[in-house]
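In what follows, a single structure is set out as C-alpha cells and then discussed.
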Amino acid sequence: MPTGQCGTIEYETGDGVLTVRLPGRDFVLEPSRDLVRLVFEEGAALPRNIVLDLARVRYLNSSGISVVIRLNLERRLVVAGMEPGVAEILDLAGVLQTLRRAPDPDAARAALLERGTPPPPGTPR
C-alpha cells in the first residue's frame, strides 16, 4: 500500500481506503491542521473512505473534535482504536453517537469495504 506523511500525519492508501494515523497522544491544533490539509486541500485524488486510527490518542480538544465532525459529514469515516477517555470526550461533545466505530484499523477497513448499505452512525462493529 502506498504510504506517506503530511506534516505530523501518517497515512496509507489501498483498496479505496485512506487510513490515517495520528502522531501522538494529543489530537489538537497541529495534527488537526495537517489532517485538514491532507484530506481537504491536497487530497483530491485520495479515497473518500477514511479510517481514522485513534489508538495512540489520549486527548483531543475542539480542534480535533471539529475535524472528526467534518470528516464524518463529508467522507465515509470509520474511527478505529478509540480509547475510553477519547470516547468520553466525543460523547460529551455529542459526536460519539454519530460515528461508525471499529476496534482496530483492519476491522474499520473491512466495514468500509463491505457491500450494501453501511450501518447507521454510532453502530459498534
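Which of the residues belonging to the range 1-45 are under 23 Å from P84 (Cα atoms), among the charged types (D, E, K, R) and assigned to a loop (DSSP other than H, G, I, E, B)?
The one that is under 23 Å from P84 (Cα atoms), among the charged types (D, E, K, R) and assigned to a loop (DSSP other than H, G, I, E, B): R25.
Determine if the range 52-64 includes at least one residue that is in a strand (DSSP E or B), closer than 17 Å to A111 by Cα and in contact (Cβ under 8 Å) with a residue 60 or more places away in the chain.
No, that holds for no residue.
Would you pick out the residues in the range 75-94 that are touching a helix residue (DSSP H, G or I) at 6+ places or on another chain (Cβ under 6 Å) and in a loop (DSSP other than H, G, I, E, B)?
Listed by number, the list holds a single entry, A93.
Run down D34, D26, D53 and say which single residue is at negative phi and in contact with a Phe, Trp or Tyr (Cβ under 6 Å, 6 or more places away or on another chain).
That would be D26, the only listed residue that is at negative phi and in contact with a Phe, Trp or Tyr (Cβ under 6 Å, 6 or more places away or on another chain).
Show the residue pairs that are 6+ apart or on different chains and have beta-carbon atoms under 8 Å apart, the first residue being within the range 69-80 and over 18 Å from A110 (Cα atoms), the second being at pLDDT 95 or above and not in a helix (DSSP H, G or I).
Taking only residues 6 or more apart or on different chains, the pairs are I69/V95; L71/I50; L71/L52; L71/L77.
Please specify each residue of the range 48-62 satisfying the condition of being surrounded by fewer than 17 Cβ atoms within 10 Å (Cβ to Cβ) and over 12 Å from the mean Cα position of the chain (by Cα).
If the condition is that a residue be surrounded by fewer than 17 Cβ atoms within 10 Å (Cβ to Cβ) and over 12 Å from the mean Cα position of the chain (by Cα), then R56, R58, Y59, N61, S62 are the ones that fit.
The values are calculated or read from the model by the stated rules, or taken from the named source; none is laboratory data. Since the structure is predicted, the reported quantities are computational estimates derived from the model, not experimental observations. A quick note on method: Cβ atoms are made from the backbone with ideal geometry, for glycine too, and the neighbour counts reach across all protein chains shown.
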